[in-house]
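Some notes on the structure that comes next.
Laboratory data are not the source of any read-out in this text; all were calculated from the coordinates shown. Bear in mind the structure is a predicted one, so any value in this text is a computation, not a measurement. So basically every Cβ, Gly included, is an ideal-geometry build from the backbone, and we count neighbours across all protein chains shown.
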């Protein structure tokens, strides 16, 4: 009884909510600070006379914060309209094509000569990206989703930045493409064995806020990584990759993003 009363006390309640919001990474820093202030203000309002100057100021500030939060919050945006390459750029003559509402890269008849990327024309900072993919082929079969990335000049078909990797020994891992050239975080084989739908459609989610990067495969979290290097940029292009070296074909669909 004492514990339940203590947990329901306004200060304790705010502390618990505050801790959950801050540690789970559900909200971006801006939304967290706005909501945090609103919770504090809501705790104080019942104890203040309505004709009190501070009461009126708090109400005004809360309304402004609510308006700013709603303005700052952007709904999910579809990055692929299912019919055209609008908003994307890359080799749409030989490598990338659109079939039945899917973006398809690579070939099962001819070896993919080298890495190819179809990248957005827009740049992104904090975001949550969701899509579906299907990867098939023989030989070295690999693909991935680049983010916080930029195109290189030499060779021009390459990109540098983070990659949510796809393929044997790399499924749903975080790789640093053409920069540190190493896997930064990866799940255990037991997790992939349970979560992956081989040669079938899979749900993929990538969330990047601040220096924290999280990846989910079919609802199972595979990566929770915090970048220790402050010099690594946290903005850039998003791109779809087909890796060179195999008879491989990657299909992407239902590509949506939410800026955080």
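Here residue 205 does not qualify as without any contact (Cβ under 8 Å) to a residue 60 or more places away in the chain and either under 30 Å from residue 94 (Cα atoms) or exposed (fewer than 14 other Cβ atoms within 10 Å of the Cβ) (or both).
Kindly check whether there is at least one residue in the stretch 134-144 that is buried (at least 19 other Cβ atoms within 10 Å of the Cβ) and not in a strand (DSSP E or B). The answer is yes; a qualifying residue exists.
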